[in-house]
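The values are calculated or read from the model by the stated rules, or taken from the named source; none is laboratory data. The structure displayed is predicted, hence computed values, not measured ones. As a convention, Cβ positions derive from the backbone with ideal geometry for all residues, glycine included, and neighbour counts pool all protein chains shown. Just so you know, the surface numbers come from the protein's heavy atoms only, side chains and all, with ligands and any DNA or RNA stripped out. Shrake-Rupley method; radii C 1.70, N 1.55, O 1.52, S 1.80 Å.
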Amino acid sequence: MEIVCNFRKCRKSLSSQAWVTTCSHAFCVEHGKREFKRTAENSLTCPACGAELRDKFDVIQADLKPNETFKSIVLAGMRPDTIMDIAMRAMSFWAYQVEQETLYQESVAKHAREKLQCMEEINTLNLQKLKAELETCKRKINSLQSECSKRSKQAEDMKARLEDKSRKIQKLTFQLDSQKRKDIRNFGAVDNQEKCMDISDLVAKRASSDFIFRPAKDDDDPHRICSPKTPMFDFRNRNKQSSHFHFRPVKS
């Protein structure tokens, strides 16, 4: 396990160089150079705990991976109790860093669990809401399907009625055409009857005249008004002649 920079926004892993303090905190080189600029007028403050670092050796830049020469000479000539004291303090520094990192990770894990629990509650509420919306949509779909079936039946009924009406219209159209043709024939017959000469009217108008019907001859005047196949009759002496022939008015 490697120690990390105790600057809150950094948390960078420290592997070769680090700034360490007597309050058992460690910082990366970048933040150490920025935070620990000592002058004669001011004292330094630990960015992690806020402790004052007044002494020259309260904060130093340490080599975390010393070479073999440094390891063999750094404690040479010291009494064993001094060496043990230095080693105990170094172990305490390391244990404190491990403890702080453990507490930090536990805090992060706790925050993550709380966030996860909050998200689960939110997801549960959203799931319930979505289920309610889904049920509503299902009911709407069932209602629309029923309405669609109803409208389909109505459309089929309307189609059947339309076909029936179309057949009736076609039948009536055929009857109307037949009636028109019949009326045209009747109108032609009536027109021909009207154009025919009513002999009785002609007789009544020409009773006092010298008009005589007689058969037409080839040498007669072609413009003379007569019937080519009607025998000669003298209407001036019609009362004196005994004949069974009588003119009757033409009935319309």
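If I ask for residues that are among the β-branched types (Val, Ile, Thr) and either open to solvent by 60 Å² or more (accessible area, probe 1.4 Å) or part of a loop (DSSP other than H, G, I, E, B) (or both), which ones from the range 1-16 would you list?
Scanning the range 1-16 gives a single hit, ILE3.
Any chance the range 44-61 includes a residue that's touching a helix residue (DSSP H, G or I) at 6+ places or on another chain (Cβ under 6 Å), in contact (Cβ under 8 Å) with a residue 60 or more places away in the chain and part of a loop (DSSP other than H, G, I, E, B)?
Scanning the range 44-61, I find no residue that is touching a helix residue (DSSP H, G or I) at 6+ places or on another chain (Cβ under 6 Å), in contact (Cβ under 8 Å) with a residue 60 or more places away in the chain and part of a loop (DSSP other than H, G, I, E, B), so the answer is no.
Among the residues of the range 35-74, which ones are loosely packed, with under 13 Cβ neighbours inside 10 Å and under 60 Å from the mean Cα position of the chain (by Cα)?
Within the range 35-74, just CYS49 meets the criteria.
I'd like to check something: does the range 67-86 contain any residue that is outside any strand (DSSP E or B) and touching a Pro at 6+ places or on another chain (Cβ under 9 Å)?
Yes, that holds for at least one residue.
Working carefully through the options SER92, SER152, find the one that is loosely packed, with under 11 Cβ neighbours inside 10 Å and either within 28 Å of the chain's Cα centre (by Cα) or of a type in the set (S, T, N, Q) (or both).
Answer to the check: SER152.
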